[in-house]
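Everything below concerns the one structure shown next.
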Amino acid sequence: MDSERTSAPFSELPVLVAGATGYIGARLVPRLLQAGYSVRCLARAPQKLESRSWIHHPNVTTVAGDLVETENLADLMRGCGAAFYLAHSMRFGGETDPRRDEEAARRFAAAAADAGLARIIYLGGLAEAAPGRDDRLARRCTVQRVLASGDVATTGFRTAMIIGAGSASFEVLRYLSERLPIALAPSWLRSGFQPISVRNVLDYLVASLAEPLTVGRTFDIGGPDVVTFGDLMQIMAGEMGLRRRLLVPLPLMSPRFSALWVRAITPVPLEISRPLVENLRSRVVCRDREAEALMPIPLLTAREAIRAALRKHERGGLESNWSDAGIVPGDPDWAGGRVFVDRRETVVDASPEAAFTAVCRVGGPHGWYTASFLWWLRGRLDKMTGGPGLLRGRRDPHALRYGDAVDFWRVSAVEPARLLRLNAEMKLPGEASLEFAIEPLPAAPNGAGSPARSRCRLVQTATFVPHGVFGLAYWYSILPFHAWIFPGMLHGIRRSAERIAAGQSS
């Protein structure tokens, strides 16, 4: 046996989390720290972790690596005792190479063996192994088989549906329940399944590290209830104070049409909504209760899980969101191409901090400071063409961090009191970004006996790199709207910043 596996007690070795920027990974890290483990986070873009509350914990380290592209993957794992494999290659707004997940798992398993890891722990889906499933689900099952076939012992967990604030399934459930007092009810709304609270998923993942009898085994995990999605809609409606939903049976709706229906009503993109529908096409329940016997934990009912998720959603400041795992675009390659720039600036009678606070309120429930109807219309058009639209909202109504989704944008750079850059994820014949830069200015006199007034310059820059003739046509067609939207947004942010500054000084 490798000396690194036996040179220290297992609990003293760092635990590797691959996919720490994702929905489960970002919540698992603080739970591991609370349990006394040291954590090494492996992420394609560690910058996305910089604003996490736990990133500066003395027992946390981060390493940058891609499971397919990084050559020295084993070096990034060396010295760890176990690894959580929570990385998936789903990209919003487009398909991925179906071989990428399998190749990532194969390289991860080989690197883990080379690095001397004792165990790999994987989280998958209960419905993934069923025959006739969608290719996306089948390749998730392939990932688990590939990991298990390596030289490192694996522990697998499979769930039917995870209920937690910010999860894709929770968002689908919340939007459908809130927006549809009368809903078409395809057959998948009437299939029984066993949902589980995200809190309990994390409980199982952490508990498995300390339970040697979980090594080399796969467990089905679920809550105490077997329900239908229609049942969950009624529970959700009740917890939100809404009247009971009327579900009209519609047995002939295909999974793809159902996914398009979900896509039209919720912020979840088709590449996530379709596997969710596929998961619920037939009865999906735990085959046994071995996980409960080995790792007894208090399991939340479906109602308790929904209630807890709603409370957390209402408070804001979610630890993670289903959209966190999206690819953050890098700086586009502008060499040799034409770049359109709309640059505007204004002087703000407020500190850079107040201006930055106002800038960081863009999108989500606050809106875009001007022309709300045009933003809504652009969001609807984007959804109709397969983009994320505006319903995706944002993780927190006030704060933004690297990698956050903001309606149909994503944060690609954030520097407090200095810079916010958003890259467009809407369907476009080109690449677009929107940047807000803040420059401090000398304080302005404020009358005899009064302290000088803080000032700064706010520079708003929209950039578009067209792709071909359609990109050029798109840019010129929206120029008249830019002449209205961009000045209004800039001045709206200025007014908001000055109100914030006035409130701070009063």
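Tabulated results
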| read-out | value |
| --- | --- |
| Any chance LEU86 is crowded, with 18+ Cβ neighbours inside 10 Å, within 23 Å of the chain's Cα centre (by Cα) and modelled with pLDDT of 90 or more | yes |
| Pair list, Cβ < 7 Å and 6+ apart or interchain, from segment 229-246 residues that are more than 18 Å from ILE162 (Cα to Cα) to residues that are in a strand (DSSP E or B) | ARG245/ALA183; LEU246/ILE182 |
| Odd one out for THR61, checked against (1) in a helix (DSSP H, G or I); (2) open to solvent by 60 Å² or more (accessible area, probe 1.4 Å); (3) at pLDDT 90 or above | (1) |
| Members of segment 24-45 that are open to solvent by less than 30 Å² (accessible area, probe 1.4 Å) and outside any loop (DSSP other than H, G, I, E, B) | ILE24, GLY25, ALA26, ARG27, LEU28, VAL29, LEU32, LEU33, VAL39, CYS41, LEU42, ALA43 |
| Selected residue (only one of PHE436, PHE408, PHE486 is within 15 Å of ARG344 (Cα to Cα) and touching a helix residue (DSSP H, G or I) at 6+ places or on another chain (Cβ under 7 Å)) | PHE436 |
| Test result for PHE436, buried (at least 22 other Cβ atoms within 10 Å of the Cβ) and in a strand (DSSP E or B) | yes |
| Single match in ALA399, ALA371 (criterion: at pLDDT 85 or above, at positive phi, of a type in the set (A, V, I, L, M, F, W, C) and surrounded by fewer than 20 Cβ atoms within 10 Å (Cβ to Cβ)) | ALA371 |
| Failed criterion for CYS141 (all others in (1) open to solvent by 10 Å² or more (accessible area, probe 1.4 Å); (2) more than 24 Å from ARG27 (Cα to Cα); (3) modelled with pLDDT under 90 hold) | (2) |
| Test result for VAL68, out of contact with any Pro (no Cβ under 6 Å at 6 or more places or on another chain), modelled with pLDDT of 85 or more and crowded, with 23+ Cβ neighbours inside 10 Å | no |
| One residue from LEU213, LEU173, LEU209 being open to solvent by less than 30 Å² (accessible area, probe 1.4 Å) and within 30 Å of ALA113 (Cα to Cα) | LEU209 |
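The values are calculated or read from the model by the stated rules, or taken from the named source; none is laboratory data. This one's a predicted model, so the numbers in the text were calculated from it and none came from an experiment. Cβ coordinates were reconstructed from backbone atoms using ideal geometry, including for glycine residues, and neighbour counts include every protein chain displayed. Heavy atoms of the whole protein, side chains included, go into the accessibility calculation; ligands, DNA and RNA do not. Shrake-Rupley method; radii C 1.70, N 1.55, O 1.52, S 1.80 Å.
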